[in-house]
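Have a look at the structure below before the remarks.
The values are calculated or read from the model by the stated rules, or taken from the named source; none is laboratory data. Owing to the predicted nature of the structure, the values given are computational and were not obtained by experimental measurement. Cβ atoms come from the backbone with ideal geometry, glycine included; neighbour counts cover every protein chain shown. Heavy atoms of the whole protein, side chains included, go into the accessibility calculation; ligands, DNA and RNA do not. Shrake-Rupley method; radii C 1.70, N 1.55, O 1.52, S 1.80 Å.
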Amino acid sequence: MYRCDRQNTRPATGCRDGHAGSCDDDRCDSRGDDRIILHADMNCFYAAVECFRRPELRSRPVVVGGHEELRHGIVLAKNLLAKAAGIKTGDTLWTARRKCPGLVTLPPDYRLYMRYSREARAIYYDYTDRVEPFGPDEAWLDVTGSAGLFGGHAYAGRMIAREISERIKAELGVTVSIGVSWNKIFAKFGSDYKKPDAITPITRENYRDLVWRAPAGDLLYVGRATRRKLARAGILTIGDIATAPAGMLRGMLGKMGSILHGFARGEDATPVRVLDADSSTVDYAVKSVGNGLTAPHDLHDAREVRLLLYLLAESVAQRLRELRLRARGIAVTVRNGDLEWYERQAQLRLPTLLTGELADGAWNLVAANEGFDSDPDRRLQGTRAIRSLGLRAINLQPMSVATQTDLFCDEERRIRTERLEFVVDQARRRFGNTSLRRACELGDAQMSNVDIKRDNVVHPVGFFQS
Amino acid sequence: MMRGVAGRVKRYVQVASVTSVEGAVTPTDVFWDEGKRYHIDRVLDRRPAASLKVGGKGMRYLVEIAGRQSYLYYEGPAWFVEEIVRNAPVYATPPL
Ligand SMILES: [Mg+2]
């Protein structure tokens with residue numbers, strides 16, 4: 001294993017091997033305060049899994065394609081032999097077969113792929129808790145904190161990459177390409193640079209050669225439309241984007257122009273988001289979980305409002321528990337008429353995924369903004385009625401993040417309730433949503449027949465928001 | 001693909017095992033064909049692994065039976081071995 005030879009000089013800044021200033025050794029992964037980010041991408045994912053479990057297919061061109069019965073089935077994944085025949089992801093199966101007689105087409109087995117996806121992630125988690133999946137077959141890993149375990153020198157990044165790559169091959173029977181860099185964008189570029197089964201470090205010394213010479217479209221988030229706009233201005237490579245005047249890019253592409261400019265220059269500082277390892281979904285990028293409902297009749301009665309909030313809270317909390325997220329805040333939308341509506345937000349005292357705590361938080365917000373009479377059974381003052389209600393859990397954090405409790409709550413009871421609610425969810429998944437109901441739902445015949453969609457809206461977060 | 005040489009196929013087998021209090025599973029016997037029982041003398045290694053030869057993966061045990069070593073895989077609910085068969089197709093081992 002190569003080590004920098006100037007290891008003993010130890011300036012305040014420099015590469016991880018202690019090189020003063022900017023290290024010109026291109027085998028160095030990073031500078032002193034740089035992060036070490038890996039992007040791992042399983043090659044030809046679905047097709048690779050199929051070829052692994054059926055060895056007889058490995059010598060044949062194979063594609064995995066969806067909805068054959070609809071006649072519009074398209075290629076979701078292809079192995080290298082199918083790729084060599086000119087088949088592209090997104091081709092119709094009909095086109096693919098014409099390009100490649102003797103093609104083996106398989107229907108997707110998503111459960112199997114998701115299992116592989118989880119197993120690969122389990123391997124990543126052996127090296128860091130900072131794992132951010134990007135689709136089922138890709139993930140970013142921030143291994144900066146693990147560098148010390150690998151000698152702490154410049155090659156920790158690629159040593160970890162090598163070990164992960166070998167383990168995925170030995171334990172799962174498929175291959176990965178891994179990019180190693182100091183930012184997410186270049187790490188992603190590195191994993192795309194050479195496939196399959198490759199490791200590509202993008203360093204401060206080689207990025208001008210590797211990244212800047214590549215076509216602009218190879219940069220993450222440069223789509224076809226953006227690429228065309230750039231090409232019209234003579235910007236053809238990633239290097240062109242990096243060296244173009246920032247103002248010109250902003251003029252052409254707006255805010256995205258500045259962002260791409262930074263990406264191309266390796267200035268992307270977005271963190272690898274920490275997400276819960278046990279979550280049930282692959283796409284963790286959830287910003288808020290919400291649900292809304294128009295009441296069967298306009299609501300005047302505080303009790304009805306509370307009940308509706310409870311139903312909403314239950315559906316939202318159930319989704320939170322499924323995603324293994326806790327909410328630190330809550331937002332309520334109240335619509336009184338066609339044009340008359342408002343949203344109010346509040347922080348919760350403790351991060352929670354409990355139905356009752358979300359419902360109470362929501363009720364406090366509504367009660368503070370609507371003039372209910374002091375007697376909770378009383379009707380809303382005046383003629384204002386509530387037509388519909390929405391509830392969103394916001395400021396989410398993974399369950400695995402430790403939370404600070406306080407002296408004024410019964411934490412033991414909260415933990416017990418949490419466990420109970422997980423069990424209730426399980427029962428509902430097996431026996432249906434109406435198999436277990438809250439007593440409060442049963443009081444009002446009309447209200448309890450309200451159809452709360454338990455599989456509610458999840459708003460995925462964009463890449464730049466965090 | 002070649003034919004005529006000895007190759008390997010995935011063969012599911014009946015296995016007896018012991019599960020420890022901590023949940024660790026150790027196979028003790030492999031049953032073969034009708035009633036033939038092979039006692040596992042030692043488990044030499046245990047690790048998650050994939051068998052490229054026959055296309056299966058799981059916890060791989062390196063076991064010693066009557067002085068000979070062999071791999072035994074625990075895959076989900078069932079166990080399999082890489083059975084050697086004459087005239088079996090031999091597939092390219094690299095995936096894809
Ligand atoms: Mg991939």
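One table, with the values for the structure above:
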{"read-out": "Criterion: closer than 21 Å to A:GLY329 by Cβ, modelled with pLDDT of 80 or more and out of contact with any helix residue (DSSP H, G or I) (no Cβ under 9 Å at 6 or more places or on another chain) - qualifying residue of A:ALA362, A:ALA368", "value": "A:ALA368"}
{"read-out": "Single unsatisfied condition, A:SER181 versus (1) within 14 Å of another protein chain (Cβ to nearest Cβ); (2) under 24 Å from the mean Cα position of the chain (by Cα)", "value": "(1)"}
{"read-out": "Those residues of the range A:31-54 which are among the hydrophobic types (A, V, I, L, M, F, W, C) and more than 14 Å from every other protein chain (Cβ to nearest Cβ), in sequence order", "value": "A:ILE36, A:ILE37, A:LEU38, A:ALA40"}
{"read-out": "Pairs where the first residue, in the range A:326-349, is within 24 Å of A:ARG419 (Cβ to Cβ) and the second is assigned to a loop (DSSP other than H, G, I, E, B), C-beta under 8 Å, 6+ apart", "value": "A:ARG326/A:LEU353; A:ARG326/A:MET399; A:ARG326/A:VAL401; A:ARG326/A:THR403; A:ALA327/A:LEU353; A:ARG349/A:ASP406; A:ARG349/A:CYS409"}
{"read-out": "Entirely in the range B:1-50, the strands (runs of 3 or more DSSP E) that have 1 or more residues that are surrounded by 13 or more Cβ atoms within 10 Å (Cβ to Cβ) and either on the phi > 0 side of the Ramachandran plot or within 14 Å of another protein chain (Cβ to nearest Cβ) (or both)", "value": "B:7-19"}
{"read-out": "Of the criteria (1) surrounded by 16 or more Cβ atoms within 10 Å (Cβ to Cβ); (2) outside any loop (DSSP other than H, G, I, E, B), which one A:ARG208 fails", "value": "(1)"}
{"read-out": "Exclusive hit being within 14 Å of another protein chain (Cβ to nearest Cβ) and basic (Lys, Arg), set A:ARG167, A:ARG158", "value": "A:ARG167"}
{"read-out": "The range B:65-83 residues that are closer than 21 Å to B:ALA6 by Cα, paired with ones that are among the polar types (S, T, N, Q) and surrounded by 18 or more Cβ atoms within 10 Å (Cβ to Cβ) (beta carbon under 7 Å, 6 or more apart)", "value": "B:TYR73/B:SER51; B:GLU82/B:SER51"}
{"read-out": "Tally, over the range A:324-350, of residues that are over 16 Å from A:SER388 (Cα atoms) and either surrounded by fewer than 22 Cβ atoms within 10 Å (Cβ to Cβ) or small (Gly, Ala, Ser) (or both)", "value": "10"}
{"read-out": "Matching residues, the range A:151-166, being touching an Asp or Glu at 6+ places or on another chain (Cβ under 8 Å) and open to solvent by 10 Å² or more (accessible area, probe 1.4 Å)", "value": "A:ARG158"}
